[in-house]
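Data first, discussion second: the structure below is written as structure tokens.
The values are calculated or read from the model by the stated rules, or taken from the named source; none is laboratory data. Bear in mind the structure is a predicted one, so any value in this text is a computation, not a measurement. Counting neighbours? That spans all protein chains shown, and the Cβs are built from the backbone with ideal geometry, glycine included.
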Amino acid sequence: MKLTEYIREIDVLSEWPLSKATLIRARKKGLPFVRLGAYVCYRPQDLEAHFCRPRSWKAEDAKRKEHDRDA
């Protein structure tokens, strides 16, 4: 495990528009994380996969609008 593969939580909070509570909720919902000493760390690809995927309700809403428009 290389330390450069991981981003500390404090660095994530300074770079991403997220709150600490949002990260805690995401961890409870399955966001992978690692404890390195006193730090909670994340891999960048895990953060992107968790937060950048479209939400299901938005996808359903878009499909419904498209269906209504075609009808």
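Annotations for the structure displayed:
- Residue match in the stretch 29-38 (condition: in a loop (DSSP other than H, G, I, E, B), surrounded by 10 or more Cβ atoms within 10 Å (Cβ to Cβ) and modelled with pLDDT under 90): no
- Tallying residues that are out of contact with any Lys or Arg (no Cβ under 6 Å at 6 or more places or on another chain) and within 12 Å of Ile7 (Cβ to Cβ) within the stretch 19-44 yields 7.
- Among the residues making up the stretch 1-21, those that are at pLDDT 90 or above and of a type in the set (Lys, Arg) are Arg8, Lys20.
- Ile24 being at pLDDT 85 or above, over 14 Å from the mean Cα position of the chain (by Cα) and part of a helix (DSSP H, G or I): no
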